[in-house]
Amino acid sequence: MKRRTIGNVQVGAIGLGGMPMSIEGRPDPQRSIETIVAALEGGVTLIDTADAYHIHADEVGHNETLIAQALATWGGDASGVLVATKGGHQRPGDGSWTVNGDPEYLKQAAEASLKRLGVDAIGLYQFHRPDPKVPYADSVGAIRDLLDEGKIRLAGISNANPDQIRQAHEILGGRLASVQNQFSPAFRTSEPELRLCDELGIAFLPYSPLGGIGKAGSLGDTFEKFALIGEAHGVSPQQVALAWMLAKSPHVIPIPGASRPASIRDSAQAAELTLSQGQLVDLG
Ligand SMILES: NC(=O)c1ccc[n+]([C@@H]2O[C@H](COP(=O)([O-])OP(=O)(O)OC[C@H]3O[C@@H](n4cnc5c(N)ncnc54)[C@H](OP(=O)(O)O)[C@@H]3O)[C@@H](O)[C@H]2O)c1
């Protein structure tokens, strides 16, 4: 698979999003392991997860544990795989998502993620979402401390606006490696953040790049242009969507979610799909 860079680490241009394997509607663990292994076999070397990808209150880190299990059972070289996790969201078990950007909480959460992933240092640790009750600088300060202490190798943020990206980059002393924001044919309002990352040389990881769980399968019905271009190339509209965002900047690394091996096998092939200039203009 073609490669892109996060910080000083090279990864396949298409990552895997782990969320559908651990939240509402998740498959049995065996199918999830097969999905992760299919991604690895397809050349995926970036796996995105979070401690909050779980359903019940007593299974924090459900998705991190699945990924650690899949990597342990996979026959390939797991040392070349970057696992990107996050802290700052919590799920109390009633279906809701809450935020916690308290610096001490974030440090404890990172320690717990590190243990679940079974590593000495987390490959990429991302502050999941700004907490309106905590100054952003304090939350990002915790991520900087984790980086300085060697608990995490790379630092990222998520759900950030341009001011927060600049602020985090400064607090981290120019070491902000990635920004993960929602971006898809249906949701394009993160274009300013994408452009800023391109300018600063920071990896931009579009999340829910196919429109999100439950909507991804019908992307071609909702956005006919992606379906028509897919037909012209003999590929799925989902591959066209991923190739379209890859073409926006060499710093873009989409992380499509999957709970079935076939989905990620198909998505992974978008790394090799080149759209014409005319097609890119048409898609916007
Ligand atoms: N930072 C944040 O706040 C945040 C928020 C949301 C998501 N995320 C991250 O971003 C990742 C991706 O977002 P998402 O999972 O919400 O949405 P998504 O990637 O837009 O859609 C996921 C769904 O797409 C389907 N799919 C994947 N590839 C496909 C293909 N080639 N053809 C047809 N269907 C395909 C999968 O179906 P199957 O399940 O049937 O395989 C999966 O359920 C998440 O997994 C998570 O890691 C981060």
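What do you reckon, is Phe187 among the aromatic types (Phe, Trp, Tyr), under 29 Å from Glu24 (Cβ atoms) and away from the ligand (no atom under 12 Å from the Cβ)?
Spelling it out, it is not the case that Phe187 is among the aromatic types (Phe, Trp, Tyr), under 29 Å from Glu24 (Cβ atoms) and away from the ligand (no atom under 12 Å from the Cβ).
Within region 123-161, track down each residue that is within 20 Å of Gly7 (Cβ to Cβ) and away from the ligand (no atom under 16 Å from the Cβ).
Result: Gly141, Ala142, Arg144, Asp145, Leu146, Leu147, Asp148, Glu149, Gly150, Lys151, Ile152, Arg153.
Name the residue that is surrounded by the most Cβ atoms within 10 Å (Cβ to Cβ), counting only residues in region 70-90 that are in a helix (DSSP H, G or I) and in contact with a helix residue (DSSP H, G or I) (Cβ under 6 Å, 6 or more places away or on another chain).
Looking at residues that are in a helix (DSSP H, G or I) and in contact with a helix residue (DSSP H, G or I) (Cβ under 6 Å, 6 or more places away or on another chain), I get Ala70.
Answer yes if at least one residue in region 230-245 is more than 11 Å from the ligand (Cβ to nearest atom), without any contact (Cβ under 8 Å) to a residue 40 or more places away in the chain and within 17 Å of the chain's Cα centre (by Cα), and no otherwise.
yes
Can you pull out every residue in region 22-39 that is surrounded by 24 or more Cβ atoms within 10 Å (Cβ to Cβ) and either within 8 Å of the ligand (Cβ to nearest atom) or over 16 Å from Arg91 (Cα atoms) (or both)?
Of everything in region 22-39, those that are surrounded by 24 or more Cβ atoms within 10 Å (Cβ to Cβ) and either within 8 Å of the ligand (Cβ to nearest atom) or over 16 Å from Arg91 (Cα atoms) (or both) turn out to be Ser32, Thr35, Ile36, Ala39.
Values quoted throughout were computed directly from the atomic coordinates according to the rules given, and no laboratory measurement underlies them. Predicted, not measured: the structure shown is a model, and the values here were computed from it. Virtual Cβ from ideal backbone geometry, glycine too; neighbours counted across all protein chains shown.
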